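First comes the structure, then the notes that go with it.
The values are calculated or read from the model by the stated rules, or taken from the named source; none is laboratory data. Remember, predicted model here, so these are calculated numbers, not experimental data. Using ideal geometry, Cβ is built from the backbone for each residue, glycine included, and neighbour counts are taken over all protein chains shown.
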Amino acid sequence: MQAMENRKAIVIGAGISGLTAAAKLRKIGFDVTVLECRERAGGVIGTFEENGFKAESGSNTVMVNSKKTLDFLCSEGLSEKIQQTAPAAKKRFFARYGKPRAVPMGPFSLLFTRLFTLSGKIRLLLEPFVKKFPPQADPSVAEFAARRLGQEGLDYAIDPFMAGVYGGDPSRLSVRHAFAPFWNLEQKYGSIIKGAIKSMKEKAASGNFFKPMMVSFDGGMKTLVDTLAKNLGSSLITNAKVISIDLTGTSWQVSWATDKEESFDDFDALVVAVPAPQVCQLPLPGTMAAQLSPLSGIVYAPVSTYTLGFKRKQVSHKLDGFGVLLPGKENMSILGSLFVSSLFKGRAPEGFVTLTNYVGGMRHPEYAQLPQQEMEKLVMADIKKLLGVRGEPAFRKLYYWEHAIPQYNLGYETFLETLDEAEAKFPNVAFVGSYRGGVGVSACIENAISAAVKLERGMQM
Ligand SMILES: Cc1cc2nc3c(=O)[nH]c(=O)nc-3n(C[C@H](O)[C@H](O)[C@H](O)COP(=O)(O)OP(=O)(O)OC[C@H]3O[C@@H](n4cnc5c(N)ncnc54)[C@H](O)[C@@H]3O)c2cc1C
C-alpha cells in the first residue's frame, strides 16, 4: 500500500465544499491541488465592505449544529474569529397582514400571535393527533405541512420558512429531502411536536447534546473562506480552467491552464466540488460524463441579495430580531429581509443599520435578474410597508446568483442514486456540494469532511 503522504488528490471547485474537502484531505496526509475557475475562492460566500457597511454576497450565517463542524472551524484557526449572533437573533418574524409578526416560540406566545387566526392556532395544536404518512409515501413539503399543520400552518409557517432556506416552492420540494428532520421526527414519533420534545429529552439524557449556534466571523463570512484558502497556500490555483480529466486504472490525469501556464499531473483521488450544472460541463471521461448527465436536470433557484444601509432613524421598525420572511400569500415581491446589523457587530457604522433583502427564488425567478434601479424600487416598496423604511439608502450592494440554491424537489433520490452509482463505479472519486446532503454551509462542511474521510478509507482497502 502506498504511504498516505505520497498520495495526491485534486479538488475541482473552491466554494466552501471544495475548500473543506481540501483542508480535510491535507490533514489526512494527501498532497492536495485545488482548481478554482474564478479569481477568488469561496463560491457564493464573500463579504463586500464600504464606508463601514458590510454586505454578504450569499450566506450571512452558519448554523453550527455539530461538534464536528465546530472542531473543523477551530482546527483551521478560526476559533478566535467566530462571532455568535446577538441574543435578538432568536426572535424571528414572518409577515402577515403586511407586517412582521414574531414567530411564536411556545404555547403562550402562540395564544397571542397575529400570525395565525384562532382556528389556525387550534389546527396547529392538533398536529400530534394527525395520522402519520406511510413510510413509503413521498409527499411534497406542501402536502406534508397541510396535512400535519393545516392550510394556515403551510401558508404562514412552512411556506416562508422554505422561501428562507431554499427560495423554494413547497408544492415541488420533497419533504424527505428538503425537510428531512421533520419527516424523520414524524416517521419516528408519529408527530413533529411530540418528536421534537422527545428527541430533545433523549439527547439531553444521553449526554450527547450539542447546542447549535448561529455564527459568522469577524470581518464577515469571507473570513471563513479566505482563511481556508490561505491555509491551502500555493495548493490553491485560481483562474484555472480544467482542460481534461482522464482515468487510467485508478489514476486520474488532469490538465489545466491559468493565464500563465498549462499544467498536467496524475492524482490518486478526485473531488468534484462544483455545482451540478457545472459538473455536466467538466471534461470528464466519456462514460462518466454520460452517467452523470441526469444531473443537468437539477433545478436551481436564482436569487439576488440586495443589501441596503440606512440611518437608524429612517427605519421605524425596532429590527429586534433575525429578520422577516414573506409568505407567498402576502403578495409581496421580496422573499425576506435580514436585519444584519442587529445580528453581528460591525455590519453598519454607528447610527446606521443594514438590511439584506432576498429577491427571486422559485416564487419570482424573473425578479432575481432585475437591473439595480428596478430592483431598488421593488425592494423599497416592500420594506417601506413592512419595516417603515423612508428615504434614500446610504449604502447599496447587489449580488445575483443564477444557480443560487438547488431545489430538492420530488424525485430527488434519482439524482442521489446517480451520484452514488458514479462513486461506486469509478475509483477514488467524490462529489460534494450543496446539491447533495443539505444546502446550508454547515451541511456542506460536514459532507465534505465525510467525503474526504470516505475517500481515505476506500483507498486503504
Ligand atoms: C444568496 C444565498 C444566501 C444563502 N444564505 C445562507 C445562509 O444564510 N446560511 C447557510 O447556511 N447557507 C446559505 N446559503 C447556502 C450556502 O451558502 C451554499 O449552499 C454553499 O455556500 C454552497 O457551497 P458550494 O461549495 O457547494 O458551492 P459554491 O459556493 O457554488 O462553490 C462552487 C465553486 O466551484 C467553482 N467552479 C464552478 N465550475 C468550475 C470549474 N469548471 N472549474 C473550477 N471551479 C469551478 C465556482 O467558481 C465556485 O467557487 C445561501 C446561498 C445563497 C446563494
Among the residues of the stretch 40-70, count how many are under 22 Å from the mean Cα position of the chain (by Cα) and assigned to a loop (DSSP other than H, G, I, E, B).
-> 13
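The rows are residues; the columns are (1) more than 26 Å from Trp401 (Cβ to Cβ); (2) modelled with pLDDT of 95 or more; (3) within 16 Å of the ligand (Cβ to nearest atom); (4) surrounded by fewer than 17 Cβ atoms within 10 Å (Cβ to Cβ).
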{"residue": "Gly249", "(1), (2), (3), (4)": "yes, no, no, yes"}
{"residue": "Asp259", "(1), (2), (3), (4)": "no, no, yes, yes"}
{"residue": "Ala269", "(1), (2), (3), (4)": "yes, yes, no, no"}
{"residue": "Gly286", "(1), (2), (3), (4)": "yes, no, no, yes"}
Counting only residues in the stretch 332-355 that are crowded, with 23+ Cβ neighbours inside 10 Å, in contact (Cβ under 8 Å) with a residue 40 or more places away in the chain and among the hydroxyl-bearing types (Ser, Thr, Tyr), the one farthest from Thr223 (Cα to Cα) is identified as Ser337
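Do we have Thr47 as more than 26 Å from Ala269 (Cβ to Cβ) and either of a type outside the set (D, E, K, R) or in the same structural domain as Thr356 (by TED's automatic domain parsing) (or both) here? Steps first, please.
Details: more than 26 Å from Ala269 (Cβ to Cβ): yes; either of a type outside the set (D, E, K, R) or in the same structural domain as Thr356 (by TED's automatic domain parsing) (or both): yes.
The answer is yes for Thr47.
With the requirement that a residue be within 10 Å of the ligand (Cβ to nearest atom) and part of a helix (DSSP H, G or I), what does the stretch 21-39 give you? I'd like the intermediate steps shown before the answer.
Taking the stretch 21-39 as the starting set, the residues that turn out to be within 10 Å of the ligand (Cβ to nearest atom) are 21, 34-39.
Across the stretch 21-39, the qualifying residue is only Ala21.
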For the stretch 431-452, indicate whether the set of residues that are at pLDDT 95 or above, farther than 30 Å from Lys99 by Cα and assigned to a strand (DSSP E or B) is non-empty.
-> yes
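Inside the stretch 82-157, counting only helices (runs of 4 or more DSSP H) that do not spill past its ends, which hold 3 or more residues that are more than 28 Å from Tyr412 (Cβ to Cβ)?
Details: elements: 107-112, 118-125, 141-153.
Of the helices (runs of 4 or more DSSP H) lying wholly inside the stretch 82-157, those with at least 3 residues that are more than 28 Å from Tyr412 (Cβ to Cβ) span 107-112, 118-125.
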Within the stretch 223-243, can you find the residues that are within 12 Å of the ligand (Cβ to nearest atom) and in contact with a strand residue (DSSP E or B) (Cβ under 6 Å, 6 or more places away or on another chain)?
-> Leu224, Val225, Ala229, Leu236, Ile237, Ala240, Lys241, Val242, Ile243
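Taking the conditions exactly as written (under 23 Å from Gly168 (Cα atoms) and part of a strand (DSSP E or B)), does Tyr358 satisfy them or not? Walk me through it before giving the result.
Working: under 23 Å from Gly168 (Cα atoms): yes; part of a strand (DSSP E or B): yes.
So Tyr358 passes the test.
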Hey, any hits in the stretch 197-217 for a residue that's farther than 21 Å from Cys444 by Cβ and either crowded, with 17+ Cβ neighbours inside 10 Å or modelled with pLDDT of 95 or more (or both)?
-> no
Enumeration of residues in the stretch 380-430 that are without any contact (Cβ under 8 Å) to a residue 24 or more places away in the chain and part of a loop (DSSP other than H, G, I, E, B) = Glu392
Does the stretch 65-80 contain any residue that is more than 25 Å from Val432 (Cα to Cα), more than 10 Å from the ligand (Cβ to nearest atom) and not aliphatic (A, V, I, L, M)?
-> yes
